[in-house]
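Step one of this worksheet: look at the structure below.
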Amino acid sequence: MVFVGSDDQLTVPTAVKIVIAGGFGTGKTTMVASVSEIPPLRTEELLTEAGVHVDDLAGIEGKDTTTVALDFGRITINTKVVLYLFGTPGQNRFWFMWDELATGAIGAVVLVDTRRLDSSFPSIDFFEHRGIPFIVAVNCFDGSQLYTVDEVRHALDLDEAIPVMLCDARDRESSKAVLVGLIQHSMNRLEAAV
Amino acid sequence: MTAREDWWYDEAAGPLVRPYAMVRGRTRPNAPHLHLVTQVRASSFTSDQTSLTVEHREIMALCARPLSVAEVAAYLDVPLIVVKVLLSDLIERGDVIVQNSSPHIPDRDLLQAVLDGVRGI
Ligand SMILES: Nc1nc2c(ncn2[C@@H]2O[C@H](COP(=O)(O)OP(=O)(O)OP(=O)(O)O)[C@@H](O)[C@H]2O)c(=O)[nH]1
Ligand SMILES: [Mg+2]
């Protein structure tokens, strides 16, 4: 006998996401890759040549378009929950993408390279202004551990409440520790808000 | 170069012809709540699939297990907007079921589960 289950027997997991942000070349894709259970995937949004987001294909047939790519990875938490990690697009001009990424996110890791601190300013501003929980992770590129956590905090003019961690984005355990730090920070924020 | 890149570049007709043809003139998804991480899955109800395009069938095969919209787009190697249109068709037919919540901030229990999960990997 063939048993055909009803549709409501099929469930889908709850999906949650974390955003890995930061300036150009700060190690976002590297961090996604070091903790993801699958090699990072890449998905593309369509833009017109003028950089406008295409959410309707009408009238653009044959027109020149360009794409903005997102790298992402996946961690299956259990049968009911799956976590996605999204690296933000390198170029900061695609803010519409950031909005979609940030909506409903657990929070964000802002990666910084101490040799180019300023490249991560726009990421910090973005999450600060939208009230999205974030932590700062200093990616310790070889020989660039020139600053202490306090010096980085000062240089970035960060609130005392924002955790700052040192990490090596290539290292799985180190990247895991950063994610744990972010989730704990989000939980603290949630409790403080009650 | 992936095998799929030839879908994209049609020298004579311009870069968008293939994806546009794939959605058969449909231009926007009917299912407005398809976000990057929205979970989709093939339903156990199997309709007559003869009228489905190759791309639709490929989605059905991928979604034998639950996947996010972003994963389907990545595996199919088509832009998100195109995969959203194709998924809308399948949802309308009842071939694909979809998580019907919009992204919301996780509550404490969910955060705790994620924390335990990440620690355990
Ligand atoms: N030494 C060292 N190199 C690193 C580390 N993290 C990343 N890299 C290297 O730095 C380069 C940039 O890393 P990516 O992960 O591509 O950086 P990204 O932030 O994704 O870059 P964009 O997407 O282009 O903005 C790569 O060549 C990495 O191999 C690190 O912790 N230490
Ligand atoms: Mg990258």
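Note on A:Thr11 and A:Glu160: the extension gain reaches 49.4 nm, defined as 0.36 nm multiplied by sequence separation minus the Cα-Cα distance.
Can you tell me how the stretch A:124-194 classifies by the Cα gyration tensor, rounded, prolate or oblate, using a/c under 1.5 as the rounded cut? Taking the square roots of the gyration eigenvalues as a ≥ b ≥ c, the stretch A:124-194 is oblate. In this structure A:His154 has an accessible area near 150 Å², from a 1.4 Å probe over the protein heavy atoms. Toward the positive end of the charge dipole of the stretch A:61-132, with +1 on the Cβ of Lys and Arg and -1 on the Cβ of Asp and Glu, the farthest Cα among A:Thr79, A:Thr67, A:Val110 is that of A:Thr79. 3J(HN,Hα) couplings calculated from phi for the stretch A:167-181 with the Karplus curve 6.51 cos²θ - 1.76 cosθ + 1.60 (θ = phi - 60°) are, in sequence order, 8, 10, 4, 7, 9, 4, 5, 5, 5, 4, 4, 5, 4, 4, x Hz; Gly and Pro show x.
Working ranking of peptides A:16-22, A:84-90, A:157-163 by packing, defined as the average number of other Cβ atoms within 10 Å per residue, highest first, is A:16-22, A:84-90, A:157-163.
For chain A, the fraction of alpha-carbon pairs lying more than 25 Å apart is 41 percent, rounded to a whole number. Residues whose amide H lies under 5 Å from that of A:Thr67, counting only those 5 or more places away or on a different chain, are A:Leu47; hydrogens are built 1.01 Å from N in the peptide plane. If only the Cβ of Lys and Arg carry +1 and only the Cβ of Asp and Glu carry -1, the dipole of the stretch B:55-110 around its Cα centre is close to 60 debye. In order along the stretch A:156-165, the Karplus-derived 3J(HN,Hα) couplings, from 6.51 cos²θ - 1.76 cosθ + 1.60 at θ = phi - 60°, round to 8, 6, 8, 4, 4, 6, 8, x, 10, 10 Hz, and Gly and Pro are given as x. Here the dipole of the stretch A:82-178 is about 300 debye; that uses its Cα centre as origin and unit charges on the Cβ of Lys and Arg (positive) and Asp and Glu (negative).
Considering only alpha-carbon pairs that sit under 8 angstrom and 6 or more positions apart, the relative contact order computed for the stretch A:79-194 is 25 percent.
By accessible area, using a 1.4 Å probe on protein heavy atoms only, chain A has 53% of its surface on carbon and sulfur.
Buried surface for the B/A pair, taken as the accessible area of each chain alone minus that of the pair with a 1.4 Å probe, is close to 4700 Å² in total. Hey, quick one: spin label on A:Asn78, modelled 7 Å out along Cα-Cβ, who in the stretch B:107-121 has an amide N within reach, i.e. under 12 Å? Hits in the stretch B:107-121 for A:Asn78 at 12 Å: B:109-118. Taking label points 7 Å from Cα along the Cα-to-Cβ direction, A:Arg172 and B:Arg93 give a separation of 4.0 nm.
The values are calculated or read from the model by the stated rules, or taken from the named source; none is laboratory data. What you see is a predicted model, and the numbers here were worked out from it, not measured in a lab. All Cβ positions, glycine included, derive from the backbone under ideal geometry; neighbour counts span all protein chains shown. Each accessible area value is taken on the protein alone, full model and side chains, heavy atoms only, with ligands, DNA and RNA left out. Shrake-Rupley method; radii C 1.70, N 1.55, O 1.52, S 1.80 Å.
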